[in-house]
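Here's the structure, in structure tokens; my notes come after.
The values are calculated or read from the model by the stated rules, or taken from the named source; none is laboratory data. Remember, it's a predicted structure, so these values are computed and weren't measured experimentally. Keep in mind that these areas ignore ligands, DNA and RNA; they rest on the heavy atoms of the full protein, side chains included. Shrake-Rupley method; radii C 1.70, N 1.55, O 1.52, S 1.80 Å.
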Amino acid sequence: MQVFHTRAEWQEIRLQHLQNAKSIGLVPTMGALHQGHLDLVAQCIQKSDISVVSIFVNPTQFNNLEDFEKYPQTLSEDLELLQDAGVDYVFAPTVETMYPSPTQLQFDFGELETILEGAFRPGHFNGVGVVVSKLFHIIQPDLAFFGQKDLQQVAIIRRLVQDLSFPIELQLVPTRREYDGLAMSSRNRRLNSDERSKALILHDSLVFAKKELESGRDWFTVQKSISQKFENTTGCQLEYFELVETDKFKVFSQFEPQEKTSICVAAYIGDVRLIDNLPINS
Ligand code: PAF
């Protein structure tokens with residue numbers, strides 16, 4: 001495995017591989033890797049001739065400075081995991097490499113960036129759009145791998161690829177869960193043991209809501225009972241619990257069984273913000 005830090009280094013490596021017409025797969029990450037990331041990496045290795053993982057905690061996608069400063073950074077552990085997984089290359093740029101001067105670039109993702117994550121984290125998807133575009137321009141992968149846990153991010157990146165005509169095939173990988181259902185996330189490391197138990201409320205609520213909808217309960221009633229459940233649990237603060245069309249990410253006010261639907265949740269457990277989602281009829 002080779003670690004590189006600049007576009008110039010990659011251009012040389014890429015040229016050598018291009019001569020043998022190899023396909024390149026990219027897994028963009030912010031490090032603090034867990035088994036969910038390693039699932040993406042395994043898919044990347046399986047489906048591409050050359051695997052590249054980027055590790056960059058992107059400052060422009062954090063709308064909250066404290067969240068950025070507390071984001072776990074574990075580069076040497078991450079590199080060991082990637083080496084063991086059999087990755088070919090790791091791109092670990094500095095902030096100065098990615099942003100030689102502060103970016104002024106503004107994307108407009110329309111309604112997609114005004115709902116759910118977009119509403120609670122203003123500017124977040126602009127930062128994601130900027131950094132993912134930069135990574136795509138620098139690495140020029142044929143395939144790029146993203147996790148379904150960040151369902152709205154996937155919809156944003158799909159738009160980005162379409163609107164900017166990136167010749168890249170997006171590959172989605174299902175959410176990896178802990179033994180008790182908690183979705184794996186780099187932020188889980190920040191939970192203390194009490195918060196770790198309380199964090200199960202996200203997955204439990206999704207499973208409960210799915211069952212209720214399948215048994216014919218109306219969405220308004222389900223949503224209300226979930227809000228109640230959060231209100232009654234100290235240390236857990238619900239931000240949203242919504243029903244969406246899975247691919248285009250449009251909010252539904254009621255369950256349409258014939259549409260591809262997912263339930264999405266975001267909540268603070270203590271001061272750690274977690275998200276999760278569950279497909280109902282994919
Ligand atoms: O999903 C993430 O970890 C990040 O949003 C991404 C796609 C690596 C961009 O910084």
Volume in Å³ per residue [convex hull over Cα atoms, computed for the chain]: 133 Å³
Rounded to whole Hz, the Karplus (6.51, -1.76, 1.60) HN-Hα couplings of the stretch 205-212, x for glycine and proline: 5, 5, 5, 4, 5, 4, 4, 4
Cα pair distances in the stretch 238-282, grouped into 5 Å bins until the bin that holds the longest one, percent each: 5, 24, 29, 18, 12, 9, 3, 0
Over the stretch 1-73, volume per residue of the alpha carbon convex hull, in Å³: 108 Å³
Whole-Hz couplings from phi, Karplus 6.51/-1.76/1.60, listed for the stretch 11-24; x for Gly and Pro: 4, 5, 4, 4, 4, 4, 6, 4, 4, 9, 6, 8, 8, 10
Rg/Rg_globular for the stretch 156-282, with Rg_globular taken as 2.2 N^0.38 Å and Rg from C-alpha atoms: 1.14
Directionally averaged shadow of the stretch 18-130, computed from the convex hull of its alpha-carbon atoms, nm²: 8.8 nm²
Protein accessible area in the stretch 92-251, 1.4 Å probe - carbon and sulfur %: 49 percent
Per-selection metrics, the stretch 139-216 (Cα): Rg and Dmax in Å: 16.5, 48
Euclidean distance of C-alpha centroids, the stretch 22-100 and the stretch 230-282, integer Å: 26 Å
Stretch gain in nm, segment S253-E231, where the contour uses 0.36 nm per residue and the Cα spacing is subtracted: 5.8 nm
Protein-only accessible surface order, largest first, of K198, K211 at 1.4 Å: K211, K198
Rg(Cα)/(2.2 N^0.38 Å) for the stretch 191-261, N = residue count: 1.20
Whichever aspartates and glutamates have a C-alpha closer than 13 Å to that of K210, once near sequence neighbours (fewer than 8 apart) are set aside: D218, E242, E256
